[in-house]
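Enquirer: Here it is: the structure, laid out below.
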Amino acid sequence: MRFLSSVGIISGVSWTWRALRGHSVTFALLFATTLFGLSVIASFRHLLGSWGAPWYVWLLAPIFAVGYLAKKEAQWLPDPSARRKWARRIFFGSIALALVIGFFRSERTSEAGVANPAAATGAR
């Protein structure tokens, strides 16, 4: 489960809750990008670290940035029902896309199997 290895379980549950119950597009996007293996928060922290920012800046800046985006979301999408629809579409769409990708990857891997299973195990 690559999702759980790139982000803590508490963050994953929190983003899921805020995306579904809080109808937040910001947290739905965070969930979706992390589900596909791209941690936006980790990338932002890496960028700040490469600029030489102290530890407390790369620890607190992503928190404030995500909070700012979550508050601005009401201005960008003023209709609460539209925010709810977008958050749910992003959330469930990312899960559906991850399942489809996983299905095609496992199918491709099984087709590329070894022609002689005895050769793969070293049996004689």
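Enquirer: So, in region 21-53, of the ones that are surrounded by 13 or more Cβ atoms within 10 Å (Cβ to Cβ) and small (Gly, Ala, Ser), which residue ends up modelled with the lowest pLDDT?
Expert: The extreme case among them is Gly22.
Enquirer: On to the next question. Evaluate region 36-47: report whether one residue or more is of a type in the set (A, V, I, L, M, F, W, C), part of a helix (DSSP H, G or I) and either in contact (Cβ under 8 Å) with a residue 40 or more places away in the chain or farther than 22 Å from Ser94 by Cβ (or both).
Expert: Yes - at least one qualifying residue is present in region 36-47.
Enquirer: Select, from Arg108, Arg18, Arg83, the only residue that is of a type in the set (Lys, Arg), at pLDDT below 90 and surrounded by 16 or more Cβ atoms within 10 Å (Cβ to Cβ).
Expert: On the way: Arg108 fails: surrounded by 16 or more Cβ atoms within 10 Å (Cβ to Cβ); Arg83 fails: at pLDDT below 90.
Residue meeting the stated conditions: Arg18.
Enquirer: Within region 86-97, how many residues turn out to be surrounded by 14 or more Cβ atoms within 10 Å (Cβ to Cβ) and over 19 Å from Trp17 (Cβ atoms)?
Expert: Total meeting the criteria: 0.
The values are calculated or read from the model by the stated rules, or taken from the named source; none is laboratory data. Keep in mind the model is a prediction, meaning the values are calculated, not measured. Here the Cβ is made from the backbone with ideal geometry for all residues, glycine too, and neighbour counts use every protein chain on show.
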